[in-house]
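Worksheet: one structure, shown below.
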Amino acid sequence: MFLRNPFTKALFDARRSLLGWALAVTAVGSMYAAFWPSVQSPEMQQALAAYPKGVLEAFNYDDLTSAAGYLGSSVYGLLVPLLIVVFSVGAGTRAIAGDEEAGTLDLLLAHPVGRVRLAVQRYAALLVALAVIVTLLCLAMLALRGPAQFDGVTAGELAAITLQLLLFGGFFGALAFAVGAATGRKGLTLGISAGVAVLAYLANGVIPQVDGLAWAREVSPFHWYLGGDPLVNGVQLAGPLLLIATTSALLATGTWALTRRDVAT
Amino acid sequence: MADLAISTEKLVKTYGRNRGLAGLDLAVDTGEVYGFLGPNGAGKSTTIRLLLDLIRPTSGRVTVLGADPRRGGVALRRRIGYLAGDFVVDGRQTGQELLGYLANLRGGVPRRRIAELADRLDLDLSRKIKGLSKGNRQKIGVVQAFMHSPELLILDEPTSGLDPFLQQQFVAMVRAARAAGQTVFMSSHVMSEVQQTADRVGIIRDGRLLTVERVEELRERAVRRVEIHFAEPVPLAEFSALPGVSDATVDGSTLRCRLDGRADALVKAAARHTVVGLLSEEPDLEELFFSYYSTGEADRVSA
Ligand SMILES: Nc1ncnc2c1ncn2[C@@H]1O[C@H](COP(=O)(O)OP(=O)(O)OP(=O)(O)O)[C@@H](O)[C@H]1O
Ligand SMILES: [Mg+2]
């Protein structure tokens, strides 16, 4: 049943690691969310107020006085997106370049499987895996709303950030996928993707603090994901559209390059 | 062109500054078994990967089953079975799972057919592939290439890692494929691996085809060792000057010699005495090819 085509096969092969990732991301997110009642205490608020604003901004800690602000900063602002980037880059790299360097892509492409079809199905599997992870995290947040006292955040707002987190992961997955599909080299793909992720992170919180570089935030996928506060204002327009547009461009370019080049043994 | 399963014209493939193929002209008839021989680095795997559209030619033309491999795409590969020179698959699955998946990619293969092939090669499909020996992994490769009974089998060093018994099984499978009208194109380093099944062999060296020979004709031309036991001692002189005979020695009533070409003169000469026993070993075609493997010969032939 799971061995029907490259899409289901990819999901089937990733089943164990997917379970691990989903649990890890959910656990990390839940832990942060569970701290909210203690962060709310006056002593904690005073302590945080003592930090220089720049340091807090660098960590995406913009507003720690409201529940939405806290969740946006701690749960959805730092560790979870970083974990999502690591997962997506790993899965995107494995999809073509990893398979190719292992020497196993050869056999598949000698079968009646077109390169475009393979690319589409492999990326679709990545997206589905990502959806499983962010959905599980979202369900955990919904369940914790009462116990951790952030009822103020609505289900719709959680769904909004979940969708944007999915698009954000999809972008980095597409980046690694495209570089891997174009070059077939795993190390290079990981290097480039990690480099872009670090730059994107710095461009969101650190670089804009320099005079005259405020615009850097506008080109950061981190900003496209968190900008406009989806936890307060619901699904945004510009950020998600930019994520979708860049993702599509990366996928199209990577797949095109794959159809034109030699497959390595 | 309809009767050619594979044809290439002036096929060139360069890898950066490395030569892969330097103008290969190949013609494989539909329904024949074609042995593709050459030393390491000659360009066998390069040719095969070009036929499957895994890599693209630098220049020249390739036609497989009447289609260009790139344009023929999926529809063309449905009609081909391929075994790579270094058959590697993800080891975290069983043979059954892998073959089931590959069969699905081909639109389904009867379970019975897979089981029958596995049986024939004495292959346990229920074990995880990473736990299998090299030979057993190779068997999985052989099964996946044959299982859908493709019109064209393209096999890169198919018997590497197989023991002599399994090599015989493989020979039987190739013969069955030929009898069923399938075309087989297989590469090897050595003649002995293909001479049992091949109709023709092509020799490739330095990215060029040096010669193509019918195996049957090679056999006729080949030098073989012959031993004849007579009822009583025979004079050496009667045999040593016969056409095709060389290195003749007589040891009591036994004649030993090398025979080049037809056996007619030797047999007629022997028939004047009482022949007790006659031994003629399968000709060693290998010798013919060693000459092609060395540089000097290559120049002579291509000139
Ligand atoms: N990916 C590659 N990059 C650079 N050079 C390559 C590549 N693949 C093959 N070559 C070169 O092309 C030539 C032909 O190689 P090929 O693998 O086709 O030989 P072969 O006949 O299959 O050899 P073997 O019997 O060792 O398998 C060799 O000189 C090899 O170095
Ligand atoms: Mg080879």
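The values are calculated or read from the model by the stated rules, or taken from the named source; none is laboratory data. The model shown is predicted, which means the values in this text are computed figures rather than measured ones. Here Cβ is always computed from backbone atoms with ideal geometry, including for glycine, and neighbour counts include all displayed protein chains. Note: accessible area is taken over every heavy atom of the protein model, side chains too, but ligands, DNA and RNA are not part of it. Shrake-Rupley method; radii C 1.70, N 1.55, O 1.52, S 1.80 Å.
Here are some notes:
- Search result, residues across region A:79-119 that are open to solvent by 30 Å² or more (accessible area, probe 1.4 Å) and either part of a helix (DSSP H, G or I) or more than 14 Å from every other protein chain (Cβ to nearest Cβ) (or both): A:L79, A:L82, A:L83, A:V86, A:R94, A:E101, A:V116, A:R117
- Helices (runs of 4 or more DSSP H) wholly inside region A:1-52 containing at least 3 residues that are closer than 19 Å to A:A91 by Cα: A:6-13, A:15-34
- Any hit, region A:170-193, residues being modelled with pLDDT of 95 or more, surrounded by 22 or more Cβ atoms within 10 Å (Cβ to Cβ) and either out of contact with any helix residue (DSSP H, G or I) (no Cβ under 9 Å at 6 or more places or on another chain) or part of a loop (DSSP other than H, G, I, E, B) (or both): yes
- Screening region B:6-101 for strands (runs of 3 or more DSSP E) wholly inside it with 3 or more residues that are in contact (Cβ under 8 Å) with a residue 60 or more places away in the chain and either within 16 Å of ligand 2 (Cβ to nearest atom) or more than 11 Å from chain A (Cβ to nearest Cβ) (or both) returns the ranges B:18-29, B:33-37.
- Qualifying position, being within 21 Å of the chain's Cα centre (by Cα) and without any contact (Cβ under 8 Å) to a residue 40 or more places away in the chain, among A:G92, A:G20: A:G20
- Scanning region B:114-134 for residues that are open to solvent by 60 Å² or more (accessible area, probe 1.4 Å) and not in a loop (DSSP other than H, G, I, E, B) yields B:E116, B:D119, B:R120, B:K128, B:K130, B:K134.
- Within region B:34-54, the set of residues being under 24 Å from B:G73 (Cα atoms), open to solvent by less than 10 Å² (accessible area, probe 1.4 Å) and more than 10 Å from ligand 1 (Cβ to nearest atom) comprises B:Y34, B:L51, B:L52, B:L54.
- Qualifying position, being under 19 Å from the mean Cα position of the chain (by Cα) and among the β-branched types (V, I, T), among A:V39, A:V85, A:V113: A:V85
- So A:L158, is it more than 14 Å from every other protein chain (Cβ to nearest Cβ) and without any contact (Cβ under 8 Å) to a residue 60 or more places away in the chain: no
- The condition of being within 16 Å of ligand 2 (Cβ to nearest atom), within 14 Å of chain A (Cβ to nearest Cβ) and either under 20 Å from B:Y82 (Cβ atoms) or of a type outside the set (K, R) (or both) holds for B:A145.
- Within region B:141-159, the residues that satisfy the criterion of being more than 16 Å from ligand 1 (Cβ to nearest atom) and either surrounded by fewer than 22 Cβ atoms within 10 Å (Cβ to Cβ) or closer than 15 Å to A:H111 by Cβ (or both) are B:V143, B:Q144, B:A145, B:F146, B:M147, B:H148, B:S149, B:P150, B:E151, B:L152, B:L153.
- Residue count for region B:151-179 satisfying the condition of being aliphatic (A, V, I, L, M) and either within 14 Å of chain A (Cβ to nearest Cβ) or within 16 Å of ligand 2 (Cβ to nearest atom) (or both): 4.
- Residue check, A:V263 among the β-branched types (V, I, T), touching a helix residue (DSSP H, G or I) at 6+ places or on another chain (Cβ under 8 Å) and either open to solvent by less than 50 Å² (accessible area, probe 1.4 Å) or not in a helix (DSSP H, G or I) (or both): yes
- For B:A198, the stated conditions hold: it is within 21 Å of B:T30 (Cα to Cα) and of a type in the set (G, A, S).
- From the options B:A180, B:A198, residue that is in contact with an Asp or Glu (Cβ under 9 Å, 6 or more places away or on another chain), more than 16 Å from ligand 1 (Cβ to nearest atom) and among the hydrophobic types (A, V, I, L, M, F, W, C): B:A198
- Residue match in region B:86-106 (condition: away from ligand 1 (no atom under 16 Å from the Cβ), within 25 Å of the chain's Cα centre (by Cα) and open to solvent by 10 Å² or more (accessible area, probe 1.4 Å)): yes
- Any chance B:L162 is open to solvent by less than 20 Å² (accessible area, probe 1.4 Å), away from ligand 1 (no atom under 16 Å from the Cβ), touching a Pro at 6+ places or on another chain (Cβ under 9 Å) and among the hydrophobic types (A, V, I, L, M, F, W, C): no
- Hits in region A:218-265 (condition: away from ligand 2 (no atom under 16 Å from the Cβ), within 14 Å of chain B (Cβ to nearest Cβ) and β-branched (V, I, T)): A:T259
- Looking only at region B:102-113, and only at residues there that are in contact (Cβ under 8 Å) with a residue 12 or more places away in the chain and part of a helix (DSSP H, G or I), the one that is nearest to the other protein chains (Cβ to nearest Cβ): B:L102
- For region A:124-154, filtered to residues that are open to solvent by 20 Å² or more (accessible area, probe 1.4 Å) and closer than 18 Å to A:R15 by Cβ, the residue that is nearest to the other protein chains (Cβ to nearest Cβ) is A:A124.
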